[in-house]
Amino acid sequence: MRVKVAEHATLFYEAGNVVWDDYLHHRQFAISETAELLCRKFVGFTDVDDLLAPLPDADRAALRGVLDQLLDAGVLIVEGSPEHRDESSLLEKWSSWGASARHYHFASRTLADAPYQAADDHDAVLEEKLGVEPPPPPFRSFGSGVALPPLRDDPAWGTAGILDVLMARRTTRRFAPGAPTVQQVAELLAVLAGPSPARPRTGRSGTVFKTSPSGGGRHPVELYAHVRGVDGLADGWHHYNGAEHVLEPLGAVWTAAEMTTAAGDQEWVGGAPLVLAHTGVLDRTRWRYDTSRAYRVVQMDVGHLSQTAYLVATAMDLGVGYTAALRDELVERVLGCDPHSEVVLGMTAIGPLPDRSVRW
């Protein structure tokens, strides 16, 4: 019989134990030091009898017992078995994305027998949680900032038909000289990250209504804006405080080259007069949803919001493009993000269209 260590798992240390994390089947259990050392002999398919043959009878019997336990636990798989075939398919389909992508996807995948709470039960749990663990604030503030022009009741760009905007939406990777106006920047930010004028109240649990959907109304996506050449605004990085509708300067001004480097060497991002950095404040979503699947929801949320940015910028007759190809660490440093709690998600670059003809 030839066996090897299963590759749909990882090992980590916890409370002095080596833990086997089978992310494919959502199982975690401690394994002994002997078992962990024995696994190293089965990195590839190895014949059990050949491996144990040189050992004294007592040692061979003891290790055979450990091997049987590892086989029963699925830590070791037998060559040609259904488990081997399933794993071969997994590795073939996910090989180019590596072990981390496999782990993330399958660890946050919901299995068939997973329990779900009824809505009333979940609400009751949250109500009890409110008394012992207040929700994180739905808006961040860095202190004083520059007040922005308010969102007008009937801006001209709002008269464009939704179908026309959808058909005109394109990713722009070249911008004309100039910059959006401060009114355009203000209205874009208000629509993206401010509370919805139709339902501006913040709920007791930190629920907020905005123009883009968000799982549980948590809206973990935070917006930062780097402006260059916008009349009425200082160049550099700012945080957008959606509750107060102000831009709070962070004190850093990036050159086009620095922005290009942070954006995975994409010069079209570096050349944009307005770049929005999207981050995810994980505690907002985690407070309501404490399962690993909720991390997927944070990624979905930035997709919803970036599409809204596309549509609003298109209606304003501005060019727009989104990218997730970033050097996260550079963005974290300039924004002061703790990557353990506020993760970098992407950037939206906005500027005048190369062809300045009006669409509408």
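Within segment 180-207, can you find the residues that are part of a loop (DSSP other than H, G, I, E, B), of a type in the set (Val, Ile, Thr) and either surrounded by 23 or more Cβ atoms within 10 Å (Cβ to Cβ) or modelled with pLDDT of 95 or more (or both)? Once the filter is applied, which keeps residues that are part of a loop (DSSP other than H, G, I, E, B), of a type in the set (Val, Ile, Thr) and either surrounded by 23 or more Cβ atoms within 10 Å (Cβ to Cβ) or modelled with pLDDT of 95 or more (or both), segment 180-207 yields only THR181. Quick check on segment 252-271. Is at least one of its residues assigned by TED's automatic domain parsing to the domain that holds VAL208 and closer than 17 Å to SER212 by Cβ? Taking every residue of segment 252-271 in turn, none turns out to be assigned by TED's automatic domain parsing to the domain that holds VAL208 and closer than 17 Å to SER212 by Cβ.
Against the conditions (1) in contact with a helix residue (DSSP H, G or I) (Cβ under 7 Å, 6 or more places away or on another chain); (2) farther than 27 Å from ARG293 by Cα, GLN69 satisfies every one except (1). If you check PRO115 against the conditions, is it at pLDDT below 95 and in a loop (DSSP other than H, G, I, E, B)? Yes; evaluated as a whole, the condition is true for this residue.
Looking at segment 225-302, the strands (runs of 3 or more DSSP E) lying wholly inside it that each contain 1 or more residues that are of a type in the set (S, T, N, Q) sit at 236-241, 274-281. Can you confirm whether ALA168 is over 30 Å from SER292 (Cβ atoms), touching a Phe, Trp or Tyr at 6+ places or on another chain (Cβ under 8 Å) and in contact (Cβ under 8 Å) with a residue 24 or more places away in the chain? Considered against the rule, which asks whether it is over 30 Å from SER292 (Cβ atoms), touching a Phe, Trp or Tyr at 6+ places or on another chain (Cβ under 8 Å) and in contact (Cβ under 8 Å) with a residue 24 or more places away in the chain, ALA168 comes out as no. All conditions in (1) exposed (fewer than 12 other Cβ atoms within 10 Å of the Cβ); (2) closer than 23 Å to ARG296 by Cβ hold for PRO54, with the sole exception of (2). For segment 142-165, the set of residues classified as surrounded by fewer than 13 Cβ atoms within 10 Å (Cβ to Cβ) and more than 20 Å from TYR240 (Cα to Cα) consists of ASP153, ASP154, ALA156, THR159, GLY161, ILE162, LEU163, listed by residue number.
Restricting segment 213-241 to residues that are among the small types (Gly, Ala, Ser) and crowded, with 22+ Cβ neighbours inside 10 Å leaves a set whose member that is nearest to LEU126 (Cα to Cα) is SER214. Looking for something among the aromatic types (Phe, Trp, Tyr), assigned by TED's automatic domain parsing to the domain that holds ALA9 and either surrounded by 13 or more Cβ atoms within 10 Å (Cβ to Cβ) or not in a strand (DSSP E or B) (or both) - is there at least one such residue anywhere in segment 93-103? Yes, segment 93-103 contains a residue that is among the aromatic types (Phe, Trp, Tyr), assigned by TED's automatic domain parsing to the domain that holds ALA9 and either surrounded by 13 or more Cβ atoms within 10 Å (Cβ to Cβ) or not in a strand (DSSP E or B) (or both). List, please: which pairs have Cβ atoms under 7 Å, are six or more places apart or on different chains, and start with a residue in segment 270-282 that is small (Gly, Ala, Ser) and end with one that is crowded, with 24+ Cβ neighbours inside 10 Å and assigned to a loop (DSSP other than H, G, I, E, B)? As it stands, the answer is GLY270/ALA263; GLY280/PRO220, since those pairs meet every condition given. Kindly establish whether SER81 is out of contact with any Leu (no Cβ under 7 Å at 6 or more places or on another chain), under 12 Å from VAL3 (Cβ atoms) and not aliphatic (A, V, I, L, M). Yes; evaluated as a whole, the condition is true for this residue.
Conditions (1) within 21 Å of the chain's Cα centre (by Cα); (2) of a type in the set (A, V, I, L, M), marked per residue:
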| position | (1), (2) |
| --- | --- |
| LEU70 | no, yes |
| VAL78 | no, yes |
| GLU83 | no, no |
| ASP86 | no, no |
| ALA99 | yes, yes |
| ARG102 | yes, no |
| ALA114 | no, yes |
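The values are calculated or read from the model by the stated rules, or taken from the named source; none is laboratory data. Keep in mind that what you see is a predicted model, and the values were worked out from it rather than measured. Note that we place each Cβ from the backbone using ideal geometry, even for glycine, and neighbour counts take in every protein chain shown.
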